Structures are given as structure tokens and as C-alpha cells.
Amino acid sequence: MGGNIFKHKATSIPKERIEPTIKAYIDALKKAFPMKAHSFNYFEPVGSAGKKPESGDLDLAIDSTYIVRSFTGSEIGKWGIDWDDWNNLYAKIHKRSRTATHDMCKMRALLTLISAKLTENNFELGGDVTAGNIFTCFPQHDENGPTEDFVQIDWMVGDIDWLRWAYYSHGEPNLKGLHRTQFIVALFSEIGYTFNHFSGIKKQKTSEWIITSPEDALELLSKHYGTIDLGDTETFDKLYSWLLDTKDPNLYARSLGCYIKILNKSKEKIPDILT
């Protein structure tokens, strides 16, 4: 989900290497952060990893409570981070931020300092740390140990139920996981809302994330487009089939127009059914 940040080094990972690579990655994290070792057991792959013969990168989701339960000195200290260093960085981030909430600024400050610790422990990092993401590059492993190949591994930090839904990918033939999620982005955009993969949903031009559960997100879509359930959101194809029955033809057309603009901007393939 972070894009191909390490494009000159990281490559796609074969399905059979995913499990040993994730295990090796988590083992390395446990050595780097011994006081947080148990937390890494709660990383879980999301997106299309393991659903196709090869995956472009690995997205590992974790509930934010396993990163930190409260922003206290004792909790932050488990990461080997000084509370004053964290608090000073949080203050700077919050001062510069126009839309992020206090909690988002706090988490971004913590993840930024965690990323620095990762670098000290010989992890390769790239991209910009956000309030829910750290982007790393790690050796691919097979049953015999490390290989000569590398793969991008991204942290996805937030509410785990939301992350499972927001980053879900069924592994549709000839389509990426983003074809499904960007469709969802377009659907919310056309009714005046912003969809964020790790924060939730907010009204456009506001800062409060008012929807943070899949159930509430579906209720909002149902109100504007017509009844939708979780199964309808599993793939692009299911979403499109559902949208065909929308009660507002103009909204149908605008949503598809917005979706195509998003794909064109990111230089992604337009699904055949739309061409």
C-alpha cells in the first residue's frame, strides 16, 4: 500500500516465501525490541499477500494497542525511547499539522522514533513515516533461510477490524487490491467523505474521523447508494455489480468518473468492464 518505495532493490515475493519471510522479520523485530517482543505476534498479513502466486510487497497490520496502550513514559520506554524525546517530537508534529488529530500526531511521533530505532538495528527504511505506516525493505527467506532477494514490508497500524476491511484483497485475476480499495475511496468521495486506510472516514474539509468501523461505513454507503453488506465489498467486481443497482443514476456515473480519474492519476489499469 505504500507503493514501490524500494523499486531498485525490492522485488515481488513468491507465495511459498511469504510465511518464512514474515517469521524471520518478526524474529528480527523481537531481537531489536525485546521488551515489546510479544506484540509482534499480533502482526497479520492483509491485502493480497498469499492469494496470488506472487505479491508485490507485504502489508502487516497490527492493532494500535499493541504498539502503545497509552502515551506514558513506561509504555514508550518499552520501545527504548525516552518520553521527553517523544513529547518534543509530538509537539513539533502537532504544531505543523493542519488536519491530523492529537492521537494521530502522537502515533506519528512514536512511529518516527521507532523507525529510527529500526535503522539503528540495521533495518532498511524508506518513504515517509505516517500516523499508521512504516515502510521497510527486508531479505526474502525460504525454508533454508535468507535469499539474495528483498521485499518491501509495510507496517499498518490502527484498529485491526478497520485495517482488515480497509486493506482486504481477494486476489482478483488481472486486478490489484487497490482496484477494490480505490473504488471504495471514490464511492465515499462522491458523497462528500474522505476514506483513509488506517484512520477511518471523515467529512471532507474536516478533521474528525467520525466513522472507524466497517459496519458504520457500510451504513453510510447504504444510505446514499442502496443496501450493501460486507460481501459486496470483497472485490472490485462485486462492488461494481452492487453499484449497478444504485438508486441514483447520476451518483453512479459520478462515482465511476471519480474512480477512473483516481486510476489514471496513479497510472493503474482501468478494469476491462469499464472500457
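The values are calculated or read from the model by the stated rules, or taken from the named source; none is laboratory data. Worth saying up front: this structure is predicted, and the values here are computed from it rather than measured. In this analysis, Cβ positions are derived from the backbone assuming ideal geometry, glycine residues included, and neighbour counts consider all displayed protein chains.
From the list Leu239, Leu220, Leu244, Leu230, pick out the single residue that is touching a residue at least 60 places away in the same chain (Cβ under 8 Å) and assigned by TED's automatic domain parsing to the domain that holds His179.
Of the residues listed, the single one that is touching a residue at least 60 places away in the same chain (Cβ under 8 Å) and assigned by TED's automatic domain parsing to the domain that holds His179 is Leu230.
Can you confirm whether the stretch 87-97 contains a residue that is in contact (Cβ under 8 Å) with a residue 12 or more places away in the chain and either closer than 28 Å to Gln182 by Cβ or among the hydroxyl-bearing types (Ser, Thr, Tyr) (or both)?
Yes, because at least one residue in the stretch 87-97 is in contact (Cβ under 8 Å) with a residue 12 or more places away in the chain and either closer than 28 Å to Gln182 by Cβ or among the hydroxyl-bearing types (Ser, Thr, Tyr) (or both).
Taking only the stretch 113-123 into account, find how many residues are in contact with a Ser or Thr (Cβ under 9 Å, 6 or more places away or on another chain) and free of Cβ contacts under 8 Å to residues at least 60 places away in the same chain.
Total satisfying the criteria: 1.
Determine which member of the set Lys51, Lys92, Lys78 is touching a Ser or Thr at 6+ places or on another chain (Cβ under 8 Å) and either of a type in the set (Lys, Arg) or at pLDDT 95 or above (or both).
The match here is Lys51.
Can you pull out the residues in the stretch 95-121 that are in contact with an Asp or Glu (Cβ under 9 Å, 6 or more places away or on another chain) and modelled with pLDDT under 95?
Within the stretch 95-121, Thr101 is the sole residue that qualifies.
Suppose the filter is part of a loop (DSSP other than H, G, I, E, B), surrounded by 13 or more Cβ atoms within 10 Å (Cβ to Cβ) and aromatic (Phe, Trp, Tyr); does Trp79 pass it?
yes
Looking at the stretch 191-203, which of the residues that are hydrophobic (A, V, I, L, M, F, W, C) and part of a loop (DSSP other than H, G, I, E, B) is surrounded by the most Cβ atoms within 10 Å (Cβ to Cβ)?
Phe198
State yes or no: is Gln182 of a type outside the set (Ser, Thr, Tyr), under 19 Å from the mean Cα position of the chain (by Cα) and not assigned by TED's automatic domain parsing to the domain that holds Lys31?
yes
Over 18 Å from the mean Cα position of the chain (by Cα) and modelled with pLDDT under 95: is that true of Leu239 in this structure?
No.
Of everything in the stretch 204-244, what is among the small types (Gly, Ala, Ser), farther than 22 Å from Val46 by Cβ and in a helix (DSSP H, G or I)? Give them in sequence order.
Ser222, Ser241
Looking at Ala28, is it within 24 Å of Leu163 (Cα to Cα), touching a residue at least 40 places away in the same chain (Cβ under 8 Å), in the same structural domain as Thr147 (by TED's automatic domain parsing) and outside any loop (DSSP other than H, G, I, E, B)?
For Ala28, the condition - within 24 Å of Leu163 (Cα to Cα), touching a residue at least 40 places away in the same chain (Cβ under 8 Å), in the same structural domain as Thr147 (by TED's automatic domain parsing) and outside any loop (DSSP other than H, G, I, E, B) - is met.
Find the residue count for the stretch 165-190, including only residues that are touching a Cys at 6+ places or on another chain (Cβ under 9 Å) and either in a loop (DSSP other than H, G, I, E, B) or under 17 Å from Asp232 (Cβ atoms) (or both).
Residues flagged as touching a Cys at 6+ places or on another chain (Cβ under 9 Å) and either in a loop (DSSP other than H, G, I, E, B) or under 17 Å from Asp232 (Cβ atoms) (or both) within the stretch 165-190 amount to 4.
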